[in-house]
Amino acid sequence: MDILSDVAVLSRIQFAATAAFHFFFVPLSIGLGLILAINETRYYKTRDPKDAAATKLWVKIFTATFVVGVATGITMEFAFGANWANYSRFVGDIFGAPLAAEALLSFFLESVFLGVLVFGRKKVSPKFFMVSAWLVWFASMLSALWILLANSWMQTPAGAELQGGRAVLVDFFAAALNPSLFARYTHTVNAVLIMGAFFAMSVAAWFFIKNRNEGFALKTMRIGATVAIVTSCLMLVFAHASGVVVANEQPTKMAMMEGAYETEASPLYLFGWVDEANGTTSGLKIPGATSFLATGDWNAALPGLNDLAQDPRYGGNFKPEELPVNLVFQTYHIMLAMYLLILLSAILAIIFSFGKGKIKDMKWLQRLLFIAPVFPFLAIQTGWITAEVGRQPWVVYPGTSSPAGVSQLTSDGISMSLSSVELLITLLLFLVVYTFLFVAWARMMSRFIKAGPLAEDEVVAELKGGE
Amino acid sequence: MEGITLFSGLWFVLVAVLIAGYFILDGFDLGAGVLYPFIAKTKTEKAIVRRSIGPVWDGNEVWLITAGGALFAAFPPAYATTFSGFYLAVMLVLFGLIVRAVSLEYRVHDDKWGGAWNACFFIGSLLPALLFGVAIGNVFAGIPMNSNGDYTGIPLLGLVTPFTLATGVLGLLMFMSAGATWIAQKAPKPSDIQARAAKLRIPLQIITLVVFLAVTVLALFVVNPPMMAELAIVRYALAALFLVVLIAAIFFGKKGNDLWAFLTQSASAFVLVLLFAASMFPNFVNATEGTAITIANAANSEYTLMWMTIITCIGLPLVLFYHFIIYRTFRGRLGDEDLDY
């Protein structure tokens, strides 16, 4: 099979790459939206011009990130119709509604009140300004709900029936509150809040390292560390819930995550390697730990890929040796490893940034926190690869409790009118445009952060006439 | 009508209203972007154009996202066929919208790349402003499709005909007229750029009138796709109304009533979308080969459409309320203090 002439493979590459790029900016902007709103609330209470200066810096950073998220988000909406026309026809009775609802209920709210944050300091009251900051964040959290609702439905379809060759909605609430929604939403938004908190701590650490704006740096570090420790601890609960749902609803994904070819008590690997050709997995493992996490019983047997391939629900659609098991295994374990680094960083940050603020003199911790956004970034990217590659070969997964027939193979979801040439053209264009976007964004970040928050007299001049 | 239910008929109207909302609102800011290199000579004038749409362009663009989402959510085959059939054109629109969005946020902070951002703003506005009309011309004139509803013609080039080019130009002129009337009522008065925009809007509107008449003649006598006979009277009435409203916009512009010139220009955009909807009803995509995509064969289940109607009843009043807030907060002409944000 030649990859360059296979429309299904090229469509997957394009969707995966553009989604991964999009989901670099989205977690940052939702996460930073919270930091921004907290900071503006502080200003609302203190009326200290320094806090207004910090808000202004966060608005710039937030907006420059948000706009790339918005722009690259249009790609995702267009892609369903453009690249996945048969998928859109199959799921259209269900899948389009959350996208429309997201635009109607979240995007308008977000964009309008962001306009207030960027242009409105002198035009609206301080209270209106603060409320706008919270509304922008609330809208972004709500937007994530609609998208996770749509995505979770693909993972664990519910409330639908197969009628005339397509999925038709029969129970709105069952579809909306599908089995994986709650676990996957909390897991995802919690992860993006960690991302924002780590970015804020990284900015603060940079100012410490450069011996600049110490007051701003310490305040920012404390806000970031507080959000980071709360979300990192909550993650234990949400991640566990997600794992249980996968074990219950998506047995082939669960088996791929731990490289389980045979049905047996499933270990938790610390690290390892999957030999896909021979269907074996080796590495350092805790025996029975995955079974325990999924069921509460160390000895519970979880189905392996060889048996699942014989299961009538999945059977005939995959051969165990053709599944990308090692990719799912490795990304899942990288995510777990990154989580440990996240937790460690958050604990160190909270201990040393409160009290006397010892972090001011701790160069090694400043350096660690400066690079620490890499941890949640990798955890988020690898987590999504686990989730989306793990559901292959289906685009709509035939989950354990899903209605019969409501599933679709990824290769059946493509646009039949497309040729590989068209896809190669757009892949190339995406490469060029997205590289340009990333460079432009990185320049903007570096410029804003190097300039830092405004000096006090500049802020006072800025605020004049606003109240 | 056979096959058209209460909710599917309602959603045809709602999709048309969303497209009209988009055409009016993003219309003026896309138009401002197309006029940007021609109308704004100095750095300050460029800043005025960008700032005039700064707080609102993003919300305006959400109308497109909502219209696309609504089409997907209510008539998925129409969404699937057009977006995959017009693939390369859709991607060009997409890349335009992407670089435009980023240029609008980044230009003000970045003089070093100023030229590149200015170019992104212009090209990113021009591509959608031209291609939307080409797409509209195609769904009206009809495209070849197979039984699955997949476009079977030549990619991109197969979509360019004299007629679809004419509809593209008509769309572009509507956007540019909207942009000129917007700037004329938003820029500081008196100022050079305000005077330039005010002077430019009238010839643009007159050319729009001429191209509209040409498109109408082509549509009726050359392309002549199936149109519902019962709606002929409505179409003639809407066409006449379009001419009246646009002439009123010219009249207001001549008298120097900038706000009313903009409002009547916007009304003409609304009427034009209604005319298009009345020319298509009950079809979404006409077919030169294969079967047209219609309300009856594309609509989602009544159950889904009922839930979407409920969501819309909650969401639409909120959306209108947000728009009221933002346009009220940033009402009136720009002053010097607005350019420093």
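Structural remarks
- Screening A:GLN366 against (1) away from every other protein chain (no Cβ under 14 Å); (2) open to solvent by 40 Å² or more (accessible area, probe 1.4 Å); (3) within 24 Å of A:PHE207 (Cα to Cα) leaves a single unmet condition, (2).
- In segment A:324-336, the residues that are more than 24 Å from A:CYS233 (Cβ to Cβ) form Cβ pairs under 6 Å with partners that are part of a helix (DSSP H, G or I), at six or more places apart or across chains, as follows: A:PRO324/A:VAL389; A:VAL325/A:MET256; A:LEU327/A:VAL389; A:VAL328/A:MET256; A:VAL328/A:MET257; A:VAL328/A:THR386; A:VAL328/A:VAL389.
- With respect to the conditions (1) open to solvent by less than 30 Å² (accessible area, probe 1.4 Å); (2) in contact with a Phe, Trp or Tyr (Cβ under 7 Å, 6 or more places away or on another chain), B:PRO155 falls short on a single one, namely (1).
- The one condition in (1) of a type in the set (D, E, K, R); (2) farther than 18 Å from B:ALA180 by Cβ; (3) in contact with a helix residue (DSSP H, G or I) (Cβ under 9 Å, 6 or more places away or on another chain) that B:GLU230 fails to fulfil: (3)
- On the stretch given as segment A:240-267, residues that are surrounded by fewer than 19 Cβ atoms within 10 Å (Cβ to Cβ) and under 25 Å from the mean Cα position of the chain (by Cα) total 5.
- Being more than 25 Å from B:LEU220 (Cα to Cα) and under 19 Å from the mean Cα position of the chain (by Cα) holds for only one residue in B:ALA278, B:ALA249, and it is B:ALA249.
For every residue, the table says whether it meets (1) β-branched (Val, Ile, Thr); (2) outside any helix (DSSP H, G or I); (3) within 7 Å of another protein chain (Cβ to nearest Cβ).
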{"residue": "A:ILE74", "(1), (2), (3)": "yes, no, yes"}
{"residue": "A:PHE78", "(1), (2), (3)": "no, no, yes"}
{"residue": "A:SER88", "(1), (2), (3)": "no, no, yes"}
{"residue": "A:VAL112", "(1), (2), (3)": "yes, no, yes"}
{"residue": "A:LEU117", "(1), (2), (3)": "no, no, no"}
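- Annotation: A:ILE61 fulfils all but one of (1) at the interface with another protein chain (Cβ under 8 Å from one of its Cβ atoms); (2) surrounded by fewer than 23 Cβ atoms within 10 Å (Cβ to Cβ); the unmet one is (1).
- Within segment A:106-122, the set of residues being surrounded by fewer than 23 Cβ atoms within 10 Å (Cβ to Cβ), closer than 21 Å to B:ARG51 by Cβ and touching a residue at least 24 places away in the same chain (Cβ under 8 Å) comprises A:VAL118, A:ARG121, A:LYS122.
- Checked against (1) more than 7 Å from chain A (Cβ to nearest Cβ); (2) among the polar types (S, T, N, Q); (3) more than 23 Å from B:VAL223 (Cβ to Cβ), B:THR66 passes all but condition (1).
- Flag if B:ALA16 is open to solvent by 10 Å² or more (accessible area, probe 1.4 Å), more than 15 Å from B:ALA298 (Cα to Cα) and either more than 10 Å from chain A (Cβ to nearest Cβ) or at pLDDT below 95 (or both): yes
- Among the candidates B:LEU35, B:LEU25, residue that is within 18 Å of the chain's Cα centre (by Cα), more than 10 Å from chain A (Cβ to nearest Cβ) and open to solvent by 10 Å² or more (accessible area, probe 1.4 Å): B:LEU25
- For B:ALA78: the one exception among (1) at the interface with chain A (Cβ under 8 Å from one of its Cβ atoms); (2) modelled with pLDDT of 95 or more; (3) farther than 22 Å from B:LEU165 by Cβ: (1)
- Check on A:LEU429, out of contact with any strand residue (DSSP E or B) (no Cβ under 9 Å at 6 or more places or on another chain) and either at negative phi or without any contact (Cβ under 8 Å) to a residue 60 or more places away in the chain (or both): yes
- Residue that is at pLDDT below 95 and in contact with a Gly (Cβ under 9 Å, 6 or more places away or on another chain), where the choices are A:ALA100, A:ALA54, A:ALA85: A:ALA100
- Those helices (runs of 4 or more DSSP H) lying entirely in segment A:308-394 with at least 3 residues under 19 Å from A:GLU249 (Cα atoms): A:325-353, A:374-389
- When segment B:166-193 is limited to residues that are open to solvent by 10 Å² or more (accessible area, probe 1.4 Å), assigned to a helix (DSSP H, G or I) and polar (S, T, N, Q), the one that is farthest from B:ILE48 (Cα to Cα) turns out to be B:THR167.
- Per-region count, segment B:283-324, residues over 21 Å from B:ALA80 (Cα atoms), open to solvent by 30 Å² or more (accessible area, probe 1.4 Å) and within 24 Å of the chain's Cα centre (by Cα): 7
- Filter result (within 31 Å of the chain's Cα centre (by Cα) and assigned to a loop (DSSP other than H, G, I, E, B)) within segment A:279-299: A:GLY279, A:PRO287, A:GLY288, A:GLY296, A:ASP297, A:TRP298
- Selected residue [part of a helix (DSSP H, G or I), open to solvent by less than 10 Å² (accessible area, probe 1.4 Å) and not hydroxyl-bearing (Ser, Thr, Tyr)] from B:ALA116, B:ALA73, B:ALA135, B:ALA89: B:ALA73
- Top-ranked residue in segment B:194-208 [being in contact (Cβ under 8 Å) with a residue 40 or more places away in the chain and hydrophobic (A, V, I, L, M, F, W, C); ranked as most open to solvent (accessible area, probe 1.4 Å)]: B:ILE206
- Some residue of segment A:194-203 being assigned to a loop (DSSP other than H, G, I, E, B) and either among the hydrophobic types (A, V, I, L, M, F, W, C) or open to solvent by less than 40 Å² (accessible area, probe 1.4 Å) (or both): no
- Number of residues in segment B:284-305 that are out of contact with any helix residue (DSSP H, G or I) (no Cβ under 6 Å at 6 or more places or on another chain) and in contact (Cβ under 8 Å) with a residue 24 or more places away in the chain equals 10.
- Residue tally, condition open to solvent by less than 10 Å² (accessible area, probe 1.4 Å), of a type in the set (Gly, Ala, Ser) and in a helix (DSSP H, G or I), over segment B:38-66: 2
- Some residue of segment A:121-138 being of a type in the set (A, V, I, L, M) and at the interface with chain B (Cβ under 7 Å from one of its Cβ atoms): yes
The values are calculated or read from the model by the stated rules, or taken from the named source; none is laboratory data. What you see is a predicted model; the values in this text were computed from it and never measured. As a convention, Cβ positions derive from the backbone with ideal geometry for all residues, glycine included, and neighbour counts pool all protein chains shown. Please note that ligands, DNA and RNA were not included when accessible areas were found on the heavy atoms of the full protein model with its side chains. Shrake-Rupley method; radii C 1.70, N 1.55, O 1.52, S 1.80 Å.
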